[in-house]
1. How long is the gain from Ile422 to Lys374 if the chain were fully straight, where each residue apart is worth 0.36 nm and the alpha carbon distance is subtracted?
2. Would you tally the net charge around Glu324, using a Cβ to Cβ cut-off of less than 11 Å, leaving Glu324 out, and scoring K and R as +1, D and E as -1?
3. If you place +1 on the Cβ of every Lys and Arg, -1 on the Cβ of every Asp and Glu, and leave all else neutral, what size is the dipole of the stretch 212-268 about its Cα centre, to the nearest 20 Debye?
4. Run the simple label-point estimate for Phe307 and Leu430 please: 7 Å along Cα→C-beta, distance reported in nm.
5. How do His472, His460 rank when sorted from fewest to most other Cβ atoms within 10 Å of their own Cβ?
6. Fewest Cβ neighbours within 10 Å first, please rank Ser207, Ser344, Ser156 accordingly.
7. For Ser165 and His278, what is the calculated FRET efficiency with R₀ set at 41 Å and r taken between the beta-carbons, to the nearest 0.05?
8. What's the local net charge at Val343, with K and R +1, D and E -1, over the other residues with C-beta under 14 Å away?
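A short reminder: the numbers here are calculations on the coordinates, not readings from a lab. As the structure is a prediction and not an experimental result, all values here were calculated from the model. With ideal geometry, Cβ positions are generated from the backbone for all residues, glycine too; neighbour counts draw on all protein chains shown.
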Amino acid sequence: MILRSPTFAVTARCFSSSTPLPRSVTLSKFAEANLLIARDKAPSPTFTINRHQSADNKTRAIASRQYKAAINKKKRLFTIHRHYSKDNEQAIAKIKQHGIHTRPKMSTEHPQQNGINGQKGINGLGGTTDLPPADGPQKQQNAWSGPGPAAFDFRSDVVTTPTPSMLSAVQNTTLLDDVFMEDPTTISLESHMATLTSHEASLFVLSGTMGNQLAIRSHLTQPPHSILCDYRAHILEWEAGGVATLSGALVKGVVPSNGVYLTLEDVRKNVVIGDEIHGAPTRVISLENTLGGTIMPLEEVRKIAAFAREHEIKMHLDGARLWEAVVAGAGSLPDYTKEFDSVSLCFSKGLGAPVGSILVGSKKFIKQARWVRKSIGGGLRQPGVVTAAARVAVDETFGKDLNGQAGLLKQSHITARRIAKIWTDMGGKLDKPTETNMVWFDLDDVGLSGDEFAELGKKHGLRLLGGRLVVHYQISDEAVNRLEVVMKEAMAKKGTNGSVGKKVGEKAYGT
């Protein structure tokens, strides 16, 4: 029996020794619900009483007695969902008098409460992120119907939300086991990505971090061994020391001599080769493209790859945002990926899928990576619900061509350049050129800390993370207009605070 009111959903399930007696009644008052229960003429049945978070049989017995007393020893099961509205207080008090316990429930039946300056609450982003939770009251929303709060969020492209077409794909997906390699949707995605990247095989993984860690662990066979990468690389700074934990390898972070990206000269100066036993031999060169929104030129990648092959060093690419470099015209997807022994590509950042990345490489490499994935709990049973959405993300957001010019992703680059121009036209400086979807404001020149700038954005319903603005294709024109107001307020403070510097341990970049 299901009884509902504007503030309560009361569910009563009864089980008899014969056929269950399902009933549904809608009432406006909780008292009427009790009256209806009291008048219930159903025969005395056998009941299973479940209590939320009951730990043992003793607790269940106590709960049973409380319920029996509350409904005149009529054996029924009630689960009471409380919506957080102030007019419920008296009703809640009456319920507690009868020993019936309540638990929170979020509902889409009621209007969503407002968040920052009238902006809708930001719950329902279609997945969790590594970003802090929103301030203020939170209510559920249908995250599939549109970008929602992501349209006003410049902190990262991880906040992008899945689309209705992704939901449609999920509704029509296959639900077979991937550990047994039987799911057609997942197999199709892996085959498609191998073809796009000019590699033999690929493997769906839950995150870019997992993809990177599987790749490195699969390449390394016998210590001592080391990885050479940029000092800002995700595998070094943002993966919780995974290389040390999972692979037992030394990671050598190199500062680019040109201040932008690693060159062959940087690699030559820092690589460990030969029989010198005092150093850990370089077994993998891991590059990242894009890194901080900056493109690593294809020609430089080719030079480093040729050097690596000459010295039998494996090449890995953290290509979480390689899509951005391709859309910017730096080269096609296979132009880049074929220079590497392994590549990790992310579906859930700029492309907007809810979950996942892909790891590509040779058949032998992917066989080993699949083994390692299973060993760390990454085997998936029915991954079709996420691989279906990932396929749509590739086809719609990046596009079906190898250059990404037919998809939605290029809009983020146009918006990023627009924001950069507004800032510089106001007299602001950029920490680095805007090449893809990231804009880097020099806040120190203005005299603002990252936290102060974020507070300015919060006043106007924007979510900011320091001076790095990550533009994704779901950012709205209204968000850019609000950001322009924030820029004006920031520039008005120029020269009033002096240099603020950075906190101890503060990073000037993010995921």
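1. Taking 0.36 nm per residue and subtracting the Cα distance, the gain is 12.4 nm.
2. Residues close to Glu324 contribute a combined charge of +1.
3. In debye, rounded to 20, the stretch 212-268 gives about 140.
4. For Phe307 paired with Leu430, the spin-label model returns 2.8 nm.
5. Ranked by crowding around the Cβ, least crowded first: His460, His472.
6. In increasing order of surrounding Cβ atoms, one gets Ser207, Ser156, Ser344.
7. 0.15
8. Local charge sum for Val343: -4.
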